[in-house]
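First the structure, in the form of structure tokens, and then the observations on it.
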Amino acid sequence: MIDDANHGEERTEVSEPKIEENPDKKDTCTKCELIKWLIGIIGLGLFGNLISCEHNKSLLDLQRMDTDSKLITAITTKFDTKPAFQLSYLVWIKPFVTTDVLRDGIAHSIDSLSKIAVQTISSVAKADIDSSAKKVQNSLSKTQLEFFAAQARIDNNPKKTIAPTRQMKFDDNIDDTVARNNPISGGIDAAAIKNIQNATPSISPQVVDDYKIQGTPETYWCKKGYYVIFNHTLQIGVNNLNAPLQTVYVNALTLPDNTVLTNLTTLVVGSPVTIMTNDAKYKYVIILNNIGAGGFNPFTKAAYITVATYKK
């Protein structure tokens, strides 16, 4: 009976409360998904464009390099074997090269060829000077030889430093008889200086950085205790020289203010030196071409110096 009674009672089921979805949250999630999708699409597009640009840039670089290579090959196919001629070609062609790799290679070649050309000019100058000095020596009398040798022993003493207080006058200490009977027109230095001046422009660029060359490079010879003036703006004096070491000890002044350039004290044969004035107005490329005889004394030791002057 109890069972019947229980069956007669109504059972009520307890159901869990229904949680309704927040529409704002749903919209937010939808927006997040949309943003993610947009970021993915845009990012993929940008990445694709980046790859495409890099690919196109690489192709362009290859095309430029190929064009530059063909240009260089066309110009250099009939290269003269002399470094000075090769150098002039490369200096001329460099502005037309657009590829960094090739331009850097040309710059390196120009630097190497410049050194070779300078050394070649120095070697030719030495041969000219030695040959001329020998001819003059053979033309002198015994008395003249003794006189010049004695004078040279004093001048050439490397232990004796003489302040360069006198401007070099190229007819100083010339014996009239020697000058009249001299077998070398213009003195021992004439042929060497002419050849140096003819060769130097080929290794002197028209523009160095922002500086433009002034006229043509000048070459003079100078004895110890004297000075020479280049392009009316630079005075170089010889304090001492050491022929075995191929070194000349100098002092340099800018003109007309007579400002001492303390960064120029030594010159070595065949090694160019570049200096700048204190006001950065001028730049000079200085080369010691040789140490040898000059004028009419075959025993003299003098410095042959070439200066290219550049102005900003």
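Values quoted throughout were computed directly from the atomic coordinates according to the rules given, and no laboratory measurement underlies them. Note that the coordinates shown come from a computational prediction; the quantities given were computed from them, not determined experimentally. Heads up, the Cβs are rebuilt from the backbone with ideal geometry, glycines too, and the neighbour counts pull from every protein chain shown.
Values computed for the structure shown
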item	result
Mean projection area, nm², convex hull over Cα of region 112-311	10.9 nm²
Cβ-placed point charges (K, R +1; D, E -1), dipole of region 112-311 about Cα centre in debye, nearest 20	320 debye
Pairs beyond 25 Å (Cα-Cα), from Lys169/Lys212; Lys224/Lys281; Lys224/Lys312; Lys194/Lys312; Lys194/Lys301; Lys212/Lys301	Lys169/Lys212; Lys224/Lys281; Lys224/Lys312; Lys194/Lys312; Lys212/Lys301
Other-chain or far-sequence residues with amide H under 5 Å of Thr266's (modelled H)	Val250
Ordering of 215-224, 144-153 by burial proxy (mean other Cβ atoms within 10 Å per residue, highest first)	215-224, 144-153
Added length on full extension, which subtracts the Cα-Cα distance from 0.36 nm per residue, Lys312 to Asp111	70.2 nm
Highest-first arrangement of 201-209, 188-196, where packing means the average Cβ count within 10 Å	188-196, 201-209
3J(HN,Hα) from dihedral phi, region 115-132, Karplus parametrisation 6.51/-1.76/1.60, rounded to Hz, x for glycine, proline	5, 5, 5, 4, 5, 5, 4, 5, 5, 5, 4, 4, 5, 4, 5, 4, 5, 5
